[in-house]
Amino acid sequence: QSYQPFYGLGGELETGPRQERLKRNCTIVSKHFSNVTRKNQIRIVDMGCNVGYVALLLAEIFPNTVGIDINQHYVSMANALAGRANSSAKFLKVDLMSIMESGAEDLEQVDAVLLFNIVHQLIFARGLAYTRQFIHRLISRVDVVFLELANRTEYQSHPKGHLLPENPLAVLFDCVNAEVVTLVKGEGRTVCK
């Protein structure tokens, strides 16, 4: 896999095409919590963590970081990388959509949820209306949610690219009592918190 970087392996394995974007996203999370003196009390959940690059990088500062993914292979790889790096990050196989639909999630003890490189996957799997409701439910349970939003132009050749909204912020239209505090428009993707 060359798309996602592998934390701590160095060389080509750690420098996938998303590495700089993921580092930028981690910097945004770190800056948000920069005034917190006891970083070990911050609880972060990285949803759709893939092989754990973001969670492992953030665990250097925030030891209570957990990555979740539906793919057991990715979770196993992330746990192996965490063990190799002696990281406090933990990784679990979790079907995010099933948990949110059942209402069984306990997110009140979580300080931040990261949805990096996953919102468009939710749209492809369940549609824009579902994704809007999903994010609305998540934002109503967690104080801070960081979102990376794909632009439709990135997915013009993708079979489901037409499902993405013209304006990436359209995924937030159902989120009442929520405020976009930071909007970072960069190359390709928009990140908001």
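The values are calculated or read from the model by the stated rules, or taken from the named source; none is laboratory data. A quick note: this is a predicted structure, and the numbers were derived from the prediction, not measured. Here the Cβ positions follow ideal geometry from the backbone for every residue, glycine too, while neighbour counts run over all protein chains shown. The protein model used for the area step is the full one, side chains on, heavy atoms only, and it has no ligands, DNA or RNA in it. Shrake-Rupley method; radii C 1.70, N 1.55, O 1.52, S 1.80 Å.
Residues whose amide H comes within less than 5 Å of that of Cys49, counting only those at least five positions distant or on another chain, are Ile68, Asp69 (H built at 1.01 Å from N in the peptide plane).
When you filter the GluC sites (Glu not before Pro) in the range 93-168 for DSSP loop state and at most 10 other Cβ atoms inside 10 Å of their Cβ, you are left with Glu108, Glu166. In angstrom, the C-alpha Rg and Dmax of the range 120-173 are 11.3, 36. Take the Kirkwood radius over Cα pairs of the range 71-173, plug it into Stokes-Einstein at 37 °C and 0.692 mPa s, and you get 216 µm²/s for translational diffusion. When only the Cβ of Lys, Arg, Asp and Glu is charged (+1, +1, -1, -1), the dipole of the range 1-139 relative to its Cα centre reaches about 280 debye.
Here's the picture: charge each Lys and Arg Cβ at +1 and each Asp and Glu Cβ at -1 in the range 62-106, and of Ile68, Leu81, Phe91 the one pushed furthest to the positive end of that dipole is Leu81. All C-alpha pair distances within the chain, sorted into 5 Å bins from zero, spread as 1, 8, 16, 21, 22, 18, 10, 4, 1, 0 percent across the bins.
What the chain shows is 50 Å² of accessible area per residue, with the surface traced by a 1.4 Å probe over protein heavy atoms. Applying the Kirkwood pairwise sum to the alpha-carbon positions of the range 29-117 produces a hydrodynamic radius of 13.2 angstrom.
Note on the range 1-76: Rg/Rh from Cα positions, Kirkwood definition for Rh, rounded to two decimals, is 0.98. The accessible surface of the range 33-73, taken with every protein chain in place and a 1.4 Å probe, is 50 percent carbon and sulfur. The 1.4 Å probe gives accessible areas that order Asp95, Asp143, largest first, as Asp143, Asp95.
Counting DSSP beta bridges with both partners in the chain, what percentage is antiparallel, nearest 5?
25 percent
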